[in-house]
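Visitor: Sharing a structure, written as structure tokens. Questions coming.
The values are calculated or read from the model by the stated rules, or taken from the named source; none is laboratory data. None of these values were measured; they are calculated from a predicted model. Neighbour counts are summed over all protein chains in view; Cβ atoms, including those assigned to glycine, are modelled from backbone coordinates with ideal geometry.
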Ligand SMILES: Cc1ncc(COP(=O)(O)O)c(C=O)c1O
């Protein structure tokens, strides 16, 4: 059997007719940037998240970058986040001119350890970016409490958490601003790059609208210095269609995750994801741990199963971020997990038989190594 890590071709086939119609509608309308589709999608997605405003931008990275700039983060400011994240969380902070300050993660959730935040706050700290990694929200209440105490802006990195819940509230509605990616493989993915910042703050939303469009409020009248980062009409039209299926797809992901749990729970050597009592996980990624991870990954690959590691090199050990001055061993939870984590294939289209085959092969490996 051959099991790829994802299958976007199959994913498209599920909604082909609706998507093709939407693309045709945009092509025929002859309006491709900042139009009706984008506005409708901003409205629909922000409502889905339970917030008032959405500003469509070019990618998740740009959503984070612009959110930081909109929040007033400037050169020399410090922004607290985690070393176990996709590198764009950090790129956005750097490109806003700020310094990323890292705190280690919680070993059960792989998200920011709220207990470690207060100790790294200085008078330069302006914002905190908790990352809702793998589809589960960070433990937001204690993070927000610290942020309120020191008057810091909270920006959710919700790029992996479309539809996830924290204490019944949607990811995106928890911080002052929240950033989403619509990279094709996300739970809600475009057919190209795309992103959005959502917020309840009208002033921030207005500033973001200018920032993404050369700083202009009115054409050719540039109120502030801005960029070009816009979600185009084609992607917005596609995303409007896919948004209608998001809850159903997330439910299927949860069911598939349930099958993994049922089949793999009996092996103590395989550490399974933990869904916290505060959370509704949407399983963007299904991440297990095993102490012989590299051997397991090779074994699965030799049996036709594609797996990935999210992420093999923590931020502070990346060549590009040596200037932050962190040392090896500084974030022991992140480093320990980077050596043992393995993301198994999980997407709405994967067959249950595929999951059974993966579990069988993992069982074979575990028995071999016992
Ligand atoms: C946690 C996280 N933050 C930020 C991003 C950046 O999103 P994009 O690839 O759309 O720029 C991603 C996506 O890869 C991500 O997973």
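Visitor: I want to confirm something. Restricting to segment 26-48 and keeping residues that are in contact with a strand residue (DSSP E or B) (Cβ under 8 Å, 6 or more places away or on another chain) and not in a loop (DSSP other than H, G, I, E, B), which single residue is surrounded by the most Cβ atoms within 10 Å (Cβ to Cβ)?
Guide: Among those residues, the one meeting the criterion is 38.
Visitor: Would you check if residue 147 is in a loop (DSSP other than H, G, I, E, B) and either more than 21 Å from residue 273 (Cβ to Cβ) or within 12 Å of the ligand (Cβ to nearest atom) (or both)? Working first, answer last.
Guide: Working: in a loop (DSSP other than H, G, I, E, B): no; either more than 21 Å from residue 273 (Cβ to Cβ) or within 12 Å of the ligand (Cβ to nearest atom) (or both): yes.
So residue 147 fails the test.
Visitor: Related question: Counting only residues that are surrounded by fewer than 18 Cβ atoms within 10 Å (Cβ to Cβ) and touching a residue at least 12 places away in the same chain (Cβ under 8 Å), how many does segment 120-141 have?
Guide: Just the residues of segment 120-141 that are surrounded by fewer than 18 Cβ atoms within 10 Å (Cβ to Cβ), to begin with: 120-124, 141.
So of that shortlist, the ones also touching a residue at least 12 places away in the same chain (Cβ under 8 Å) come out as 120-122, 124, 141.
Residues meeting the conditions: 5.
Visitor: Identify the single condition in (1) in contact (Cβ under 8 Å) with a residue 40 or more places away in the chain; (2) buried (at least 17 other Cβ atoms within 10 Å of the Cβ) that residue 107 does not satisfy, given that it satisfies every other one.
Guide: (2)
Visitor: Check segment 311-332 and report whether any residue there is free of Cβ contacts under 8 Å to residues at least 60 places away in the same chain, under 18 Å from residue 4 (Cα atoms) and not assigned by TED's automatic domain parsing to the domain that holds residue 91.
Guide: Scanning segment 311-332 turns up no residue that is free of Cβ contacts under 8 Å to residues at least 60 places away in the same chain, under 18 Å from residue 4 (Cα atoms) and not assigned by TED's automatic domain parsing to the domain that holds residue 91.
Visitor: Filter segment 165-186 for residues that are surrounded by fewer than 24 Cβ atoms within 10 Å (Cβ to Cβ) and in a loop (DSSP other than H, G, I, E, B); which is nearest to the ligand (Cβ to nearest atom)?
Guide: Step by step, filter segment 165-186, then rank; the result is 183.
Visitor: Then there's this: In segment 304-320, how many residues are crowded, with 17+ Cβ neighbours inside 10 Å and part of a loop (DSSP other than H, G, I, E, B)?
Guide: Filtering segment 304-320 down to residues crowded, with 17+ Cβ neighbours inside 10 Å leaves 305, 307, 310-311, 314-317.
Next cut, part of a loop (DSSP other than H, G, I, E, B) only: 307, 310-311, 314.
Residues flagged as crowded, with 17+ Cβ neighbours inside 10 Å and part of a loop (DSSP other than H, G, I, E, B) within segment 304-320 amount to 4.
Visitor: Right, here's the next one. Tell me, please, whether a residue that is away from the ligand (no atom under 11 Å from the Cβ) and surrounded by fewer than 22 Cβ atoms within 10 Å (Cβ to Cβ) can be found in segment 85-93.
Guide: no
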